[in-house]
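Take a look at the structure below.
The values are calculated or read from the model by the stated rules, or taken from the named source; none is laboratory data. The structure presented is a predicted model; accordingly, all values stated were derived computationally and were not measured. Here the Cβ positions follow ideal geometry from the backbone for every residue, glycine too, while neighbour counts run over all protein chains shown. Heavy atoms of the whole protein, side chains included, go into the accessibility calculation; ligands, DNA and RNA do not. Shrake-Rupley method; radii C 1.70, N 1.55, O 1.52, S 1.80 Å.
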Amino acid sequence: MTQSLSPALSRLPVSPAATAPSSEPACAHCGLPVPAADVTADRGAEARFCCTACAVAHSIIQGAGLGAYYERRSELDGAPARPSGKSYAEYDDPAFASRHVTSAAGGGACLELFVSGIHCTACVWLLERLPRVQDGVRSARFDLGRGALEVIFEPASVRPSEIARALDRLGYAPHPSLAAQRDGERRSDRALWLRLGLAGALAGNVMLMALALYSGAAADPAYASLFRWGSCLLTLPAVFFCGSVFLRGALASLRTRTPHMDLPISIGIVAGFARSAWNTALGSGEVYFDSLAVLIFLLLVGRWLQARHHRGATQTLDLIAALAPATAVRVDGEPREVPADALPVGAIVEVARDDRIPADGIVVTGESCVDTAWLTGEALPEAVKPGDRVYAGTVNLAAPLHLRVEVAGRETRLGRLMRSVEEAQAHRAPIVRLADRVAGYFVVAALGLALVTFVLWRFLDPSRAVDHAVALLVVTCPCALGMATPLAVSVALKRAAAAGIFFKGGEFLEALARPGTLVFDKTGTLTEGRLALASFTGDSQILPLLRAAEERSGHPIARAVVASVPAGPELVVEGVTEFPGAGVEARVAGHCVRVGSGAFLAQELSGSDAEFALELGAQAALGRPAIVVAVDGKVKGVLSFTDPLRADARASLDALRAAGYRIAVLSGDQPLVVGRVACELGPLVAAEGGKSPEQKLAWIERARQSGPVVMIGDGINDAAAMSAADVAIAVHGGAEAALVAADAFTTVAGVGKVLEAVRGARRTLTVIRRGIAFSLAYNLVGVGLCMAGLVSPLLAAVLMPLSSLTVVTSALKARTFQQSARKEMKS
């Protein structure tokens, strides 16, 4: 008999403090229950601790006068932070210092560290008081958005390892970062902020002088001349310093003979300033310095809005630090901890259970299971034995291993894969924005019409020819055209974020709106990314025995069993033995229980009913992993498992197909499994399994030759392919490398968010087109009036903001992304 069992409901995480029974005291530092033999000698002491590490951390915090941390954490219900006890001796290695320690402004050195265990503002408060805990530290500043702590210290007084140990004793395990490689981005941000702030201040002061001129308060010619010259002097730095970003763009446009939005903007600004300055020198005629100063300020605001949502990818070494351990334990000679990227070829390293493998190498001794999820994207681990090759970043699950290093650091498969992410992003052609394409024609038309106006009025009235030509350039200054894209995109990005979809740049909205090929990774994207019990054949009375035998194993199948089989009465479990890659054996309630693969229980299967062997073969034909359960030497059941399809997958893909997109699936899972899932997803242009990260990358590069490609994934094995796609989307729960390579990511699991992103991108493109249409219509009317001599330069400067106001209103009223993530999560 085959029974279908639904997985148990997922459990909400609870704080460690909440797990302590009310009869047991809680640790004063971390909140976990204090065992009967706690480390507090004085049973009547007010503060009691679950372990020595917590006692030390509590002593350090209180000794530094930072006891308020516990009050702040209590108010915020923060989760505990616990020390790891590592020595961090590798931080003092010269190779580490050359890569991670930089010079600090004003002397000293700067060390930037990623810090784990941050749960609330109390943690940030404590971290930034590191100088009170460790001598030689001048300052500590924590960037919550990046999870990075910048430490300024005196190298003569304190070593990096001492700083790391101080953080670890507080309960916040540090990891190395590369601050030096972000200096260029920070300098660029500071320069833009300087220009923006100065442009705003100058625009405000010029507007005050213009108010005096327009209102007649400066009727005295001497005062009028003073205000005109004052406005000219204040507008001068606004044009040639604050506006230099547009002038440089215009020069680059001329050099490359590629019309760009900066070219008409710069021509309008320079022409308007030149005419105003000329009229100021003559002492007659209109000036419109105020319009120019405000225009530059608004354009810089638009530029800042774009830059705010667009940041480059994290560097290769940062990715490696996040995915592979920073240190390794060498055991050839005296055991010692060394930097993982400095391991020489042939070194023998030890990898403990549940640790990440630090380098590519060959297993020398030991048998275990290795989680290769970053490489294959699949949940099932691989069994390894002496002679097998293992890769940096994978996780050793079952038993200690000794391996001989082949390559380390940047030359590992992980390092090469991360470099391919960077190279693909660096060489990916930039997406041409719709406004820039329109600007190419607009520039030629505006300059041509200005020249025609000048020539026409040279015959009609030479004294007014320059004014009418300048008025045309001013009225066609594409402020609205330049704002149509960044403003609409900025509003859309904000609303997308509220809906749980974060884009790294507005250009990806435009690219996503164009129909093309959507390539999905299977595991974790279209499916849940976890194993669940699919069927059970046998005697249901053995399920409590099975659950008890599997409870102590960390294998994905064991976790699926525990999640799917309801808990029953507590059973006595003895003599648990795990066989890596095979199964587990235990004595449960007096019965010998063996659970594992068909090969592991071949002897028991040979003497049991043929029904079980047939069921095992049937599940293998379906591509489902299956296990056999034997009790007291007799097979009692066969269980199969599957990675269930997400509930919204089929409906979302059908909607995307209806919108004109082609759907493909690439996966590292077995082709048989991918084919079975593809049958449930509807028509696909491709459904290929067994793909390595390198093969996925090659597939995407070939597909791009025939049209736009969007890659949707969640794993490290997807990162290279994502970086090569026109647009990459990482789904909720994705690995850090996938988030870095992605152009957008969702905070809610499921394919439905991809559909919402596509629909929102299309609505955004409609808003952009509408804004450009408003701007062009305004310019068409304005050009006609200027050429007819009905608009003076002053009137042109007054009318110019009207198109901008229309575009602003259109963008703010648009409903691009309507559903909030909060409402969805509540539902």
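Taken as a whole, the structure leaves Met787 outside the set of residues that are surrounded by fewer than 21 Cβ atoms within 10 Å (Cβ to Cβ) and at pLDDT below 65.
Could we say that Val731 is modelled with pLDDT of 85 or more and buried (at least 24 other Cβ atoms within 10 Å of the Cβ) here? When the stated conditions are applied, Val731 does not pass them. Taking region 658-669 as the region of interest, how many residues are under 18 Å from Gly707 (Cα atoms) and open to solvent by less than 50 Å² (accessible area, probe 1.4 Å)? So the answer is 7.
Just one of the listed residues (Glu574, Glu585, Glu604, Glu570) is in contact with a Ser or Thr (Cβ under 6 Å, 6 or more places away or on another chain) and not assigned by TED's automatic domain parsing to the domain that holds Val731, and it is Glu585. Report yes if Gly387 is in a helix (DSSP H, G or I) and either at positive phi or modelled with pLDDT under 90 (or both), otherwise no. The answer is no for Gly387. On the stretch given as region 670-698, residues that are open to solvent by less than 50 Å² (accessible area, probe 1.4 Å) and in a loop (DSSP other than H, G, I, E, B) total 6.
Matching residues to (1) open to solvent by less than 50 Å² (accessible area, probe 1.4 Å); (2) at pLDDT 85 or above; (3) not aliphatic (A, V, I, L, M):
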position: Val572; (1), (2), (3): no, yes, no
position: Val576; (1), (2), (3): no, yes, no
position: Ala586; (1), (2), (3): yes, yes, no
position: His591; (1), (2), (3): no, yes, yes
position: Asp609; (1), (2), (3): no, no, yes
position: Ala620; (1), (2), (3): no, no, no
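Residues that are out of contact with any Gly (no Cβ under 6 Å at 6 or more places or on another chain) and over 20 Å from Ser368 (Cβ atoms) within region 540-550 comprise Ser540, Gln541, Leu543, Leu545, Leu546, Arg547, Ala548, listed in sequence order. Listed by first and then second residue, the pairs with beta-carbon distance under 6 Å, at least 6 apart or on different chains, first residue in region 692-717 and in contact (Cβ under 8 Å) with a residue 12 or more places away in the chain and charged (D, E, K, R), second open to solvent by less than 20 Å² (accessible area, probe 1.4 Å) and assigned to a helix (DSSP H, G or I), are Lys696/Ala721; Glu701/Ala724; Asp714/Gly524; Asp714/Thr525; Asp714/Ala738. Counting only strands (runs of 3 or more DSSP E) wholly contained in region 101-174, no element carries 3 or more residues that are modelled with pLDDT of 85 or more, farther than 21 Å from Lys86 by Cα and open to solvent by less than 10 Å² (accessible area, probe 1.4 Å).
Criterion first (open to solvent by less than 30 Å² (accessible area, probe 1.4 Å), in the same structural domain as Ala618 (by TED's automatic domain parsing) and under 19 Å from Glu382 (Cα atoms)) does Pro556 satisfy it? Judged against the criteria, Pro556 is a match.
I'd like the full set of residues that are in contact with a strand residue (DSSP E or B) (Cβ under 9 Å, 6 or more places away or on another chain) and open to solvent by 20 Å² or more (accessible area, probe 1.4 Å), limited to region 632-657. Matches in region 632-657: Asp632, Gly633, Lys636, Thr642, Asp643, Pro644, Leu645, Arg646, Arg657. Restricting the first member to region 243-254 and to residues that are in contact (Cβ under 8 Å) with a residue 40 or more places away in the chain and assigned by TED's automatic domain parsing to the domain that holds Leu192, and the second to residues that are small (Gly, Ala, Ser) and surrounded by 13 or more Cβ atoms within 10 Å (Cβ to Cβ), the beta-carbon pairs closer than 6 Å and six or more apart or on different chains are Phe246/Ser266. From the list Gly752, Gly760, Gly713, Gly782, the one residue that fits, being closer than 30 Å to Leu456 by Cβ and modelled with pLDDT of 80 or more, is Gly782.
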